[in-house]
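Participant: Structure in structure tokens, see below.
The values are calculated or read from the model by the stated rules, or taken from the named source; none is laboratory data. Quantities reported herein were computed from a predicted structural model and do not represent experimental measurements. When we count neighbours, we look across all protein chains shown, and the Cβ atoms used for this are built from the backbone with ideal geometry, even at glycine.
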Amino acid sequence: MVASLRRGLAVTAVSALAIAPLAAQLASPRSIPATYAITNVRLVPVSSPSIEKGTIVVRDGLISALGANITIPGDARVIDGSGLTVYPGLIDAYGSLGVPNAPAQGAGGGGRGGGGGGGGPSATPARSAPNSNYPAGLQPEMSVVELLKADDDAFSGPTSAGITTALSGSGSGIFQGQSAVINLAGADANALVVKAGVAQNIGFSPLRNGGFPSSLMGVFAALRQQLLDAQHYRDVKTAYDRNPRGMKRPEFDPSLEALQPVLARTQPVILYASTQREIERALDLAKEFSLRPIIAGGGEAYLVAARLKAENVPVLLTLNFPRRTAAPSADADPDPIRVLKERVEAPRGAGRLAQAGVKFAFQSGGLSTWTDFTGNVQRAVENGLSSDAALKALTMQSAEILGVGDRLGSLEAGKIANLTITRGDLLDRGRVTQLFIDGKPVAVRAQAASATGGAATATGTWTVTVTMDGTDLATTLSLRQEGTRLLGSLQGSLGSVEIQNGTIGTDGELRFTATVTLKQGTDEATFIGTLDGNAVRGRIAMVGHAPGTFSGTRPQRAGGPPNGSATGSATGSATGNAPGAAAGTVPRTPPGAR
Amino acid sequence: MKKTLLLAAALMAAAGALGAQAKAVATGPGATLIKNATVLTVTKGTLQNTDVLIQNGKIAQVGQNIAAPAGATVIDATGKFLMPGIIDPHTHLMSDAVNEGSLSVTSMVRIEDVLNPTAVNIYRELAGGVTTVTILHGSANTIGGQNATVKLKYGADAADMLFPGAPPTLKFALGENVTRKNQNQIIIPGQPITRRYPVSRMGQEEVLRDAFTRARDYKATIDEYKARVAKGEKNLVPPRRDLELEPLVEVLEGKRLARVHGYRADEMLMMLNLADDFGFKVKALEHGLEGYKIASEIAKHGADVTSFADSWSYKIEAYDAIPYNAAILMRHGVVTTLNSDSDERGRRLNIDAAKLMRYGGLTEDEALATITINGAKTLGVQDKVGSIEVGKDADLSLWNNHPLSVYANVDKTFVDGKVFFDRQLDIAQRDQKAKERAELEKADANQAPSNRRAVQPVLPQEER
């Protein structure tokens, strides 16, 4: 059989060391050779036609040569790549890879850090710029490079999917700070960074700490005011710089300072927006302030394709295609046709964007398993996207959208040697066998590849009892977790509504709002609770009502028989031993107690 | 009783299923002639055996034996009742957010930013004959946000649903909902507990006076800048724009209408006096359940009231509510409307209007006015909608029975002359929708995980 890549490395290690340049030895304390030649390999440069049998040479972290007839340098470790294919390293064009999920240890006083028990402290990490005039979450001066950690374990999932490079942002807040393109291997955090300050990432989830803005409309008001303030800051500073004498010095503001490249359009904004109306709102905001927008998420971007094309807005398209996550509950209203359709249409989105001429790149979008990354690209290809376009959306086009097309995204001499090596075609059930990142081999680990890393997952259908104003109301809560984002709907006695502003922490603390209909009318309720295995409980705040509670269970998970399916729906079992009723026995905390 | 409820639920579900179809429904030719209807004009009495011609989205002609223009759609409305589209001046329909309750003054937030034009309840309101609504910010804080007045053109983009030329409005709230925000405060572990000021009605007045005083100062700054620019001064930096105070300045200038949530007589009087002090008019008191106690004072100020027909005792400040409230206010010359404040009640405002005849003895036209022309006045769009008059927008609802009867159902609802709800079409499409659903349910993405065809994950493996 063909000699394995890994074995190849071991065989030639000694000879390569002997002639490795001094610089490379210094740079590689563990004596990893700096020059490799992969021979007899299929090359897919993306920027030029494929070469069925050729050689690619990697030297000092860069691609130094590739082609059918390449002279192998004497110092190179030679790897026989027979049966393998080399692609440019895949890029996950949006996310927070490299940013540790756990609350930052050093940040804030965090006096309750050692608290015991299951329901420990659950505050979101206090990532705050020390001298900001704005609260955490509205600090555009934050930069993800301050938060990165070179953590091989955290990268093993994405690298197993062939990803060598990612756009990483802080992932929390509204002005989330400046994102960076990073490589998924490096000696330390700074070695990961390919390019910092790539974009200002913007999210539209309200702040979770009870302060302003606590609603979606508040988010827009806050964004608008801060952008206006940045314009004003610019104008005052310009006037002062023109003639400082006799004019009071404008006070330095790091947040407004950081927005200047955004206003000047030298730095794009990446706006997280999934549904049609979210995308339209984001585009409206960008237009209002003449920003340079990139849409991230974009699940329904194909519905806005004409506008995206006309305004030349690229999309970082999620590969986390929605699908039914649990058997429908017998008590719940059926899913609206719109939702059923959305699930069917999702894999067709990429093909439609390509057809409309919208520039897009793929991103993992909080997939729960990394094996779905290329798997879902394949589904997009089965649903109308050409293989070429798919490959570009994983490599070159991603690099171009993220402003690193001059150094990444294709196999070209002089570019960074990020390589994804597969056995078989990447888009036809090929298997990733090996990566090179910054010219160094990175082993691909076999693993279950869970993207959420064991954090609590809320996805599923929950039978929930809501107690408001002394009345118990049964409802079904369907949840879908995407990273820290929580989507879904409420169906039952509170009406049938989508939940809004849903977030969930790694500790299972969840929060969302929903516009519910009670006897007295329709109003917004805020749910805050904790998820523990298959149980959820928490409190509800609603204007004009005493605080309520909710508790529920997830009866159908891991293939267990659906509760009550044997008795059917006509027996009125909802008032009997249904899970919701059992959950109602949870002792209610008196409202005045806190 | 239970059976009725189940039936109602089934109908609602069916309406939900059909919602997606509305875009196709809402296309129509330029002209429509509705023939031989009983026309409830609301402002000009009831006309028997009358035709109404719709052209270019407007009511072009009302009379008998109108000839259909070439190409016009003719609807035989014999035995049917045509009334103006219902106006719901206070709802939280189609909004992805209701309250920005973090601060006591959040005049910078706009409902317009968070409209959801795909909300299925829009279709359900159309099925109840509603054509225009104002979507208000909630009542969690003293000064809420900027409301949005929309026409229910289901299927259109949010921007296209905004009522052209409707005056901008701002929500204020008094009483329990504001003070109880503190009681409702959710304690977030690890976060400091913040009690939002104010916790009393006294405090609410102070918050209002403070905000309007700040707005007055802000206006002075802007005016001074404008005066200096007008005088020809060069190189001036414009003052910082303040999105919180801008809408309050507009209220002071009468360019933005104040919509004030209030239940109790004392708090509403306070607001009217405060408005007099600052020289603006309260456009409408929202709910105004104790309005009957101060009907003369409300009439003197010139405020409207948007009331409930018969809701009371669901909280302390609602204990003195009576079903005669709207009638008493109207007899004192107050422009009074009904509001739903509810996606569910919004579908049957005609029945709420009928209750005012039972409690308070309003005439048919007066009862209908509370859900049509009076609402149009409160919203400041009475020149365009609210009655069947030549030249007004063709926002109409056609009923199979007198709309003040419990047996009445909506046959068709028109907005700007186009049909946005058609009961016959809805019924006809149910089979087709059921088939579409069945097809979609078969798709792999709609299978529960246990039913899904096994997908072999491509896992990386160690080399052998």
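Participant: Looking for something outside the structural domain of A:R324 (by TED's automatic domain parsing), free of Cβ contacts under 8 Å to residues at least 40 places away in the same chain and hydroxyl-bearing (S, T, Y) - is there at least one such residue anywhere in the stretch A:498-521?
Facilitator: yes
Participant: Let me ask you something else. Quick check on the stretch B:226-248: of everything there that is of a type in the set (D, E, K, R) and farther than 19 Å from A:A239 by Cβ, which residue is surrounded by the fewest Cβ atoms within 10 Å (Cβ to Cβ)?
Facilitator: That would be B:E246.
Participant: Taking the condition surrounded by 21 or more Cβ atoms within 10 Å (Cβ to Cβ), within 16 Å of B:D88 (Cα to Cα) and of a type in the set (F, W, Y), does B:F414 pass?
Facilitator: Yes.
Participant: Return the total of residues in the stretch A:357-407 being under 24 Å from A:R323 (Cβ atoms), within 16 Å of the chain's Cα centre (by Cα) and of a type in the set (S, T, N, Q).
Facilitator: So the answer is 7.
Participant: Then there is this: Among the residues of the stretch B:310-340, what is the count of those that are modelled with pLDDT of 95 or more and in a loop (DSSP other than H, G, I, E, B)?
Facilitator: The qualifying residues number 12.
Participant: Is the stretch A:555-567 home to any residue that is modelled with pLDDT under 80, among the hydroxyl-bearing types (S, T, Y) and not assigned by TED's automatic domain parsing to the domain that holds A:L340?
Facilitator: Yes: the stretch A:555-567 contains one or more residues that are modelled with pLDDT under 80, among the hydroxyl-bearing types (S, T, Y) and not assigned by TED's automatic domain parsing to the domain that holds A:L340.
Participant: Residues being within 14 Å of chain A (Cβ to nearest Cβ) and either assigned to a loop (DSSP other than H, G, I, E, B) or surrounded by fewer than 24 Cβ atoms within 10 Å (Cβ to Cβ) (or both): count how many of those fall in the stretch B:285-309.
Facilitator: 3
Participant: Examine the stretch B:78-93 for a residue that is assigned by TED's automatic domain parsing to the domain that holds B:V305, polar (S, T, N, Q) and either within 15 Å of the chain's Cα centre (by Cα) or not in a strand (DSSP E or B) (or both), and state whether such a residue exists.
Facilitator: There is at least one residue in the stretch B:78-93 that is assigned by TED's automatic domain parsing to the domain that holds B:V305, polar (S, T, N, Q) and either within 15 Å of the chain's Cα centre (by Cα) or not in a strand (DSSP E or B) (or both).
Participant: On to the next question. Could you please let me know if A:V78 is within 18 Å of A:G409 (Cβ to Cβ), surrounded by 16 or more Cβ atoms within 10 Å (Cβ to Cβ) and in contact (Cβ under 8 Å) with a residue 24 or more places away in the chain?
Facilitator: no
Participant: When you check B:K384 against the structure, is it of a type in the set (K, R), at pLDDT 95 or above and either assigned to a helix (DSSP H, G or I) or surrounded by fewer than 17 Cβ atoms within 10 Å (Cβ to Cβ) (or both), yes or no?
Facilitator: no
Participant: Hey, among the residues in the stretch A:67-89 that are closer than 17 Å to A:T422 by Cα and assigned to a strand (DSSP E or B), which one's nearest to the chain's Cα centre (by Cα)?
Facilitator: Checked the stretch A:67-89; the qualifying residue nearest to the chain's Cα centre (by Cα) is A:P88.
Participant: State all residues of the stretch A:517-546 that are in contact with a strand residue (DSSP E or B) (Cβ under 9 Å, 6 or more places away or on another chain), farther than 20 Å from A:T463 by Cα and outside any strand (DSSP E or B); if no residue qualifies, say none.
Facilitator: Across the stretch A:517-546, the qualifying residues are A:K519, A:V543, A:G544, A:H545, A:A546.
Participant: While we're on this one: Listed residues A:A222, A:A161, A:A166; which is farther than 30 Å from A:A443 by Cβ and crowded, with 24+ Cβ neighbours inside 10 Å?
Facilitator: Of A:A222, A:A161, A:A166, the one residue that is farther than 30 Å from A:A443 by Cβ and crowded, with 24+ Cβ neighbours inside 10 Å is A:A222.
Participant: Looking only at strands (runs of 3 or more DSSP E) that lie completely in the stretch B:99-170, which have at least 2 residues being more than 11 Å from every other protein chain (Cβ to nearest Cβ), closer than 20 Å to A:V497 by Cβ and not charged (D, E, K, R)?
Facilitator: Counting at least 2 such residues, we get B:130-135.
Participant: Continuing with the same structure: If B:N182 passes every condition in (1) surrounded by fewer than 23 Cβ atoms within 10 Å (Cβ to Cβ); (2) modelled with pLDDT under 95; (3) facing chain A (nearest Cβ under 9 Å); (4) outside any loop (DSSP other than H, G, I, E, B) but one, which one does it miss?
Facilitator: So B:N182 meets the others, but not (3).
Participant: May I ask you to list the residues in the stretch A:494-510 that are at the interface with chain B (Cβ under 9 Å from one of its Cβ atoms) and either surrounded by fewer than 21 Cβ atoms within 10 Å (Cβ to Cβ) or more than 21 Å from the chain's Cα centre (by Cα) (or both)?
Facilitator: A:G495, A:S496, A:V497, A:E498
Participant: Taking B:I54 as the residue in question, decide whether it is among the β-branched types (V, I, T), outside the structural domain of B:T132 (by TED's automatic domain parsing) and modelled with pLDDT of 95 or more.
Facilitator: Considered against the rule, which asks whether it is among the β-branched types (V, I, T), outside the structural domain of B:T132 (by TED's automatic domain parsing) and modelled with pLDDT of 95 or more, B:I54 comes out as yes.
Participant: In this structure, does B:D76 turn out to be away from chain A (no Cβ under 14 Å), among the charged types (D, E, K, R), surrounded by fewer than 24 Cβ atoms within 10 Å (Cβ to Cβ) and touching a residue at least 40 places away in the same chain (Cβ under 8 Å)?
Facilitator: Spelling it out, B:D76 is indeed away from chain A (no Cβ under 14 Å), among the charged types (D, E, K, R), surrounded by fewer than 24 Cβ atoms within 10 Å (Cβ to Cβ) and touching a residue at least 40 places away in the same chain (Cβ under 8 Å).
Participant: I'd like to verify a number: residues in the stretch B:417-450 that are at pLDDT below 95, small (G, A, S) and surrounded by 18 or more Cβ atoms within 10 Å (Cβ to Cβ), how many?
Facilitator: Here the count works out to 1.
Participant: Also, I was wondering about something else. Could you grab me the full set of residues in the stretch A:205-251 that are β-branched (V, I, T) and at the interface with another protein chain (Cβ under 8 Å from one of its Cβ atoms)?
Facilitator: A:V236
Participant: Looking at B:A230, B:A265, which is the one that is outside the structural domain of B:N177 (by TED's automatic domain parsing) and not polar (S, T, N, Q)?
Facilitator: Of B:A230, B:A265, the one residue that is outside the structural domain of B:N177 (by TED's automatic domain parsing) and not polar (S, T, N, Q) is B:A230.
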